[in-house]
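What follows is a set of notes on a single structure, which appears directly below.
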Amino acid sequence: MKINIIKTNMSFSKETGYVGHVEFGVEGHKQPYEITLQSDKGKNDWNYALNFSQTPGSEEEIQKVDEYIEEDDDLFDELVEAAMKTIEQQ
């Protein structure tokens with residue numbers, strides 16, 4: 001599965017920990033996605049939620065993307081690293 005990162009952001013506060021968003025497209029999919037990343041226990045313990053970025057799309061496609069993120073640690077790490085770069089630039 002080939003992704004294209006469109007936009008990223010990440011913030012940190014003592015109350016919520018790290019909270020970030022990555023908007024990305026998937027080759028062959030009509031709608032872009034947004035993953036929300038959250039970690040209140042440091043940079044190595046992430047929770048996430050996957051949504052359509054702009055308008056709703058195919059439930060089958062988003063399910064495939066979610067399964068792929070769950071199975072591919074390298075892809076998940078790529079998304080986290082992309083978001084973390086934005087906090088480093090602040």
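What are the residues in the range 32-44 that are closer than 18 Å to D74 by Cβ and in a loop (DSSP other than H, G, I, E, B), if any?
Within the range 32-44, K43, N44 meet the criteria.
Testing P32 on (1) buried (at least 17 other Cβ atoms within 10 Å of the Cβ); (2) in contact with a helix residue (DSSP H, G or I) (Cβ under 9 Å, 6 or more places away or on another chain); (3) of a type outside the set (V, I, T), one condition comes back false. Which one is that?
(2)
Just checking, how many residues over the range 63-78 are of a type outside the set (A, V, I, L, M) and either closer than 19 Å to K7 by Cα or exposed (fewer than 12 other Cβ atoms within 10 Å of the Cβ) (or both)? Reasoning before the result, please.
Of the residues in the range 63-78, the ones of a type outside the set (A, V, I, L, M) are 63-64, 66-68, 70-74, 76-78.
Filter once more, so that each one left must be either closer than 19 Å to K7 by Cα or exposed (fewer than 12 other Cβ atoms within 10 Å of the Cβ) (or both): 63, 66-67, 71, 73-74, 76-78.
So the count comes out to 9.
Given the criterion assigned to a helix (DSSP H, G or I) and surrounded by fewer than 11 Cβ atoms within 10 Å (Cβ to Cβ), identify the matching residue among E81, E60.
Details: E81 fails: surrounded by fewer than 11 Cβ atoms within 10 Å (Cβ to Cβ).
Among E81, E60, only E60 is assigned to a helix (DSSP H, G or I) and surrounded by fewer than 11 Cβ atoms within 10 Å (Cβ to Cβ).
Could you grab the pairs with beta carbons closer than 6 Å, sequence gap of 6+ or different chains, first residue in the range 30-54 and at pLDDT 95 or above, second one among the hydrophobic types (A, V, I, L, M, F, W, C) and assigned to a loop (DSSP other than H, G, I, E, B)?
Going by the 6 Å Cβ cut-off, the qualifying pairs are L37/W46.
Of (1) on the phi > 0 side of the Ramachandran plot; (2) modelled with pLDDT of 90 or more, N4 satisfies all except one. Which?
Failed condition: (1).
The values are calculated or read from the model by the stated rules, or taken from the named source; none is laboratory data. These numbers come from a predicted model, not from an experiment. Methodologically, a virtual Cβ is constructed for each residue, glycine included, from the backbone with ideal geometry; neighbour enumeration extends over all protein chains shown.
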